[in-house]
Each structure stands twice: as structure tokens, then as C-alpha cells.
1. Can you tell me which residue among 44, 3, 20 is farther than 30 Å from residue 112 by Cα, open to solvent by 10 Å² or more (accessible area, probe 1.4 Å), at pLDDT 95 or above and basic (Lys, Arg)?
2. Mind listing just one residue for me: the one in region 53-72 that is touching a residue at least 40 places away in the same chain (Cβ under 8 Å) and of a type in the set (Phe, Trp, Tyr) and, of those, surrounded by the most Cβ atoms within 10 Å (Cβ to Cβ)?
3. Of everything in region 166-198 that's part of a strand (DSSP E or B) and not charged (D, E, K, R), which residue is farthest from residue 129 (Cα to Cα)?
4. May I ask you to list the residues in region 268-287 that are basic (Lys, Arg) and closer than 22 Å to residue 331 by Cα?
5. Taking residue 163 and the conditions (1) small (Gly, Ala, Ser); (2) part of a loop (DSSP other than H, G, I, E, B); (3) open to solvent by less than 40 Å² (accessible area, probe 1.4 Å), which numbered condition does it fall short on, given that it satisfies the others?
6. Any idea which of (1) under 18 Å from the mean Cα position of the chain (by Cα); (2) small (Gly, Ala, Ser); (3) open to solvent by 60 Å² or more (accessible area, probe 1.4 Å) is the one residue 209 doesn't satisfy?
7. Here are 175, 190, 184: which of them is out of contact with any Pro (no Cβ under 7 Å at 6 or more places or on another chain) and either farther than 24 Å from residue 287 by Cα or open to solvent by less than 10 Å² (accessible area, probe 1.4 Å) (or both)?
8. Just for helices (runs of 4 or more DSSP H) wholly inside region 30-127: which have at least 1 residues that are more than 26 Å from residue 173 (Cβ to Cβ) and in contact with a Ser or Thr (Cβ under 7 Å, 6 or more places away or on another chain)?
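The values are calculated or read from the model by the stated rules, or taken from the named source; none is laboratory data. These figures come from a predicted structure and were not determined experimentally. Cβ coordinates were reconstructed from backbone atoms using ideal geometry, including for glycine residues, and neighbour counts include every protein chain displayed. When the accessible area is computed, the model is the full protein with side chains, heavy atoms only, and any ligands, DNA or RNA have been set aside. Shrake-Rupley method; radii C 1.70, N 1.55, O 1.52, S 1.80 Å.
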Amino acid sequence: MSKKILLTGTAGFIGHNLAKKLLERGDEVIGLDNINSYYEVALKYGRLKDTGIKEEDIEYGKLIKSSIYPEYSFIKLNLEDREQMEKLFKQESFTDVCHLAAQAGVRYSLENPHEYIQSNIVGFMNILECCRQNDIKALSYASSSSVYGLNKEQPFSTKHDVSCPISLYAATKKSNELMAHTYSHLYNISTTGLRFFTVYGPWGRPDMAPFLFTRAILKNKPINVFNNGKMERDFTYIDDISEGVLRVIDNPASDKTPYKIYNIGNNTPIRLMDFIEILEQKIGKKAQKNLMDMQPGDVYSTYADTSELINDLGYKPKTPLKEGISKFIDWYREFYLK
């Protein structure tokens, strides 16, 4: 049975990819994004164009039909706009909500903390309340591996303590998990949080290492390598992330308090210097490395324990880094260099 899904963040990296997968399997999707200027809006409009939404047609609060997918509509809206959010929920009668929109970025949260409270706390509150008021039974939402903060145990398990976040971004994501648990307990709304681990791939975010490094290497500019390269990340390919989200949408939490958290990661941390070497091989050019100290709010290593994802949903991300990087570089050259 097909669903009618509100998918927030569809001008974003994961939301764009997931929207296409939902539409291709026959679901009806209403996409929502505020298209903010945290990073280049041309890329956001490019993603929307890829799903049949033209930049010139976009107006705040106006629902636009896709020219490519008959079952896709898009609306530009701020999550914190309570009145418009309530109107949208009442008007559209969603069966499910997948909430991926958020103010992202660890380093940016050091400079613009208020943006994170408005989008990630007030905005998430509006999502929860709209779900409650409109009898939405299943909500899946983006959390982040950053919630593990100062946790020293690896691989990171959803059973580990996450009470010591080291950035405001991480704190807002942990707050979302707590808020969701409350609504699951009080109102029997099925909520599933997804702790994503370093997502990369075509249409990726330009504030993240794969994009930043690729752009700099191709332009013969130095790359900033934090903590002198002594870092590890559990890089996870975009299609693997979306497949994990699809499994969660189709299998909502169903315990007495219907609340669940999953890690979605590759379960294989890669040393930053090894990652750079793979980029260099694919691009065919050596990087100029600007070795730097550790940045405030960053963690040394991320490593996902995905056993619950495997046990509950029968799924494990599987795209090898070399394959994923190759696809990303091919897309980058197509989008930016042609």
C-alpha cells in the first residue's frame, strides 16, 4: 500500500535522494524546505530541479507540482512557522512523516547558535505537535552521530551514554531524541531517530570533507586537514543511507512505548589520510595539505555499531568507499565542470 509522506529537507542532500527513491517506488511525497543560505543555494535549487521543481515557480507557502514526478509536490516553508505548518498538515492528511530538515553543521553552530534552536528545537516541536494533532502514527527523523560526543567506547552503540555532547548541533539532536521519546510515551506516536554517520555521494553538501577536498584539489588549492590528519570517519554512501531510511519508514517502532534509535553507518571507520589518498587517486592529482589543530566541537573518530539495524531490519550499508568516491567525483565533474 502506497503512503502519503511529508518529507522535510528535500532541497537537502539526503532528502533529495530519498524523495526520488520514495517516488520511484510509488509513494506520494510532499517535500518541504526553507532553502536557507547555510551553503550555496544554487546546489539546493539544482537538487529541486532534478526532481522537477523549477526555481522560478517557488514561492513561500505555495505548493508546487513536479514536472517529472506526478506524485511529487514541494512547498517552501520554515519549520518554525507554526501557523503554516499546522495548515499544511490539516490540508494534506499525511500517513507518515519523515523529518530530515535541520540546521546542519558542527562548526557553524559555534558562530550561529540561535539558528539551531529555532530550526532544530522549535521546528522539531512543531513537527511533533502537528503529528499529535493530526493523528500521524509514524514519524522518522534525522539525528546524528555527533550525539556520541565525548564517548570513548567504540564502535558507537545506541546503548551507549550520550549525555556529553560537545557542540550545540549535537545537543539539539540529542534534544530531538528526548522530545520524541516523550511524545511516543504520552501519545503513542511511533518515532524512530536515525543517527547518520558522515554521509557522502553525488549531490553532497559543500561544507563536508569530500566536497571541500575535491573542490580544493581540482583548483590547486590547499586542503585544511584537522588534527594533523589523525582522525577517522565512518563514511556512509548516500544510497545506503536512503535504503536504511526506507526500511525504517516501512517498519515503524511498535513497542509499548513505540520509540527507537538506529545508527546508519558503514561500520568501517576510515583514516582521514587514507580517505584523502583515495580522492587523489580518483582525481589524478595530489592534494596540498594544510595541517591544522583539532577544531572545537569535532570528535576524533566515528564508528557505527549497526547490529540493531541488521537484526531488526535486515539491512547493512555496503557500498565500498572507492566506489562511492568514484561516483561522487563523476557527479562533481558533471555538475560543476561541464
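1. Testing whether each residue is farther than 30 Å from residue 112 by Cα, open to solvent by 10 Å² or more (accessible area, probe 1.4 Å), at pLDDT 95 or above and basic (Lys, Arg) leaves just 20.
2. Residue satisfying both the conditions and the ranking: 72.
3. First pass over region 166-198, keeping only residues part of a strand (DSSP E or B): 190-196.
Now restrict to residues that are not charged (D, E, K, R): 190-194, 196.
Values: 190: 13, 191: 13, 192: 16, 193: 17, 194: 20, 196: 24 Å.
My answer is 196.
4. From region 268-287, those basic (Lys, Arg) are 271, 282, 285-286; that's our starting set.
If the condition is that a residue be basic (Lys, Arg) and closer than 22 Å to residue 331 by Cα, then 282, 285, 286 are the ones that fit.
5. (3)
6. Among (1) under 18 Å from the mean Cα position of the chain (by Cα); (2) small (Gly, Ala, Ser); (3) open to solvent by 60 Å² or more (accessible area, probe 1.4 Å), the lone unmet condition for residue 209 is (3).
7. Details: 190 fails: out of contact with any Pro (no Cβ under 7 Å at 6 or more places or on another chain); 184 fails: out of contact with any Pro (no Cβ under 7 Å at 6 or more places or on another chain).
Criteria check complete, one pass: 175.
8. Values: elements: 41-50, 82-92, 106-111, 113-116.
Filter on region 30-127 gives an empty set.
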